[in-house]
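Read through the structure below, which is laid out as structure tokens, and then see the notes.
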Amino acid sequence: MYPIISKQLLAPQVWRYTVKAPEIARERQAGNFIILRPREGSERIPLTIVSSDTNTGTIDIIFQVVGATTLDLAEADNILDVVGPLGHPTHIENFGRVAVVGGGVGIAPLLPIAEALKKAGNSLTTILGARSKNFLILEEELALISDRMIITTDDGSKGEKGLVTAALKPLLDAQALDFVLAIGPVVMMKAVAGLTRPYQVKTMVSLNPLMIDGTGMCGVCRCKVDGKTQFACVDGPEFDGHKVDFDSLQRRLAMYQAEEKIRRDRRN
């Protein structure tokens, strides 16, 4: 059992947990994730390690309640199984002028990477997108490490009204970027990669397909990158956004989402 030390509600149905996991806290790096199972009978789900504290032996995770397993997690006081750290750590270097772009709950995995990029000496512009100000998370923590912060919301309730790509384009037009990292919904990452491609600005994305074992054995998280089959759990989760086949990724996610809806309807 892994005790949940604290719980914080960040936005509607979005929770930040601090979990006792000393071995994982000691080994994690920016970009790593865990796979957990809240209780017996729950499905295994991947979640990014948002931060860690080796002194207390804890890690922080952020999740949104969207299905049965995340509901189990929201109601838990302990977590049955936690495996990690998994995935390749993010490649960090001083690229120069960097923009990190986060959408929705994708802002959570953005934080540790942004911190590492800033520590490496990069000039950091952070662009955050959310449905409304009520769904915006980690704004204060990211503002502390950013040289510039741009907020966009679909309804205009905070920052600029519109999409993150509208905020990113002027920076590309001004040739003010050397590297872009985007994490969020697939449609958002696809749009960012499509926008940066003609400017030839290196762009990385963090893919979020379903995972089961986290070791590349099950094949559920497979995706196409540069025409080749890759597994997000062991080859990623980050890939060159200009080489990802986003259309096939969207089709696979839609298939699993349809199956999950059928299972929920049957349970109800």
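Results, tabulated for the structure shown:
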item: Degrees between helix 164-173 axis and first principal axis of the chain (Cα, 0 to 90, nearest 10); result: 30
item: When each of 118/243; 118/190; 169/202; 119/190; 20/118 is checked by Cα-Cα distance, pairs over 18 Å; result: 118/243; 118/190; 119/190; 20/118
item: Long-range amide H partners of residue 5 with built H, under 5 Å; result: 18, 19, 20
item: With Cα atoms, 0 to 90° folded angle of helix 186-196 axis to the chain main axis; result: 20
item: Long-range HN-HN contacts of residue 103 with modeled amide H, under 5 Å; result: 129, 183, 184
item: 0 to 90° range, to nearest 10: angle between helix 246-267 axis and the chain longest Cα axis; result: 30
item: Estimated inter-spin distance, residue 5 and residue 169, nm [label 7 Å along Cα→Cβ]; result: 4.5
item: Hull volume in cubic angstrom per residue (convex hull over the Cα atoms of segment 36-81); result: 74
item: For segment 58-71, 3J(HN,Hα) per residue [Karplus equation, 6.51 cos²θ - 1.76 cosθ + 1.60, θ = phi - 60°, Hz, x = Gly/Pro]; result: 10, 10, 10, 10, 10, 8, 10, 6, 10, x, 4, 5, 5, 5
item: Segment residue 148-residue 43, length gained on full extension (0.36 nm per residue, minus Cα span); result: 33.9 nm
item: Percentage relative contact order, segment 42-181, counting C-alpha pairs under 8 Å, at least six apart; result: 20
item: Segment 91-206 - charge dipole about Cα centre, Lys and Arg +1 at Cβ, Asp and Glu -1, debye rounded to 20; result: 240
item: The chain: most fluctuating residue of 122, 55, 94 per GNM, C-alpha cutoff 10 Å; result: 55
item: Segment 134-184 versus segment 1-62: alpha-carbon centroid distance in Å; result: 26
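Bear in mind that the values in this text are calculations on the coordinates, not laboratory data. Owing to the predicted nature of the structure, the values given are computational and were not obtained by experimental measurement. All Cβ positions, glycine included, derive from the backbone under ideal geometry; neighbour counts span all protein chains shown.
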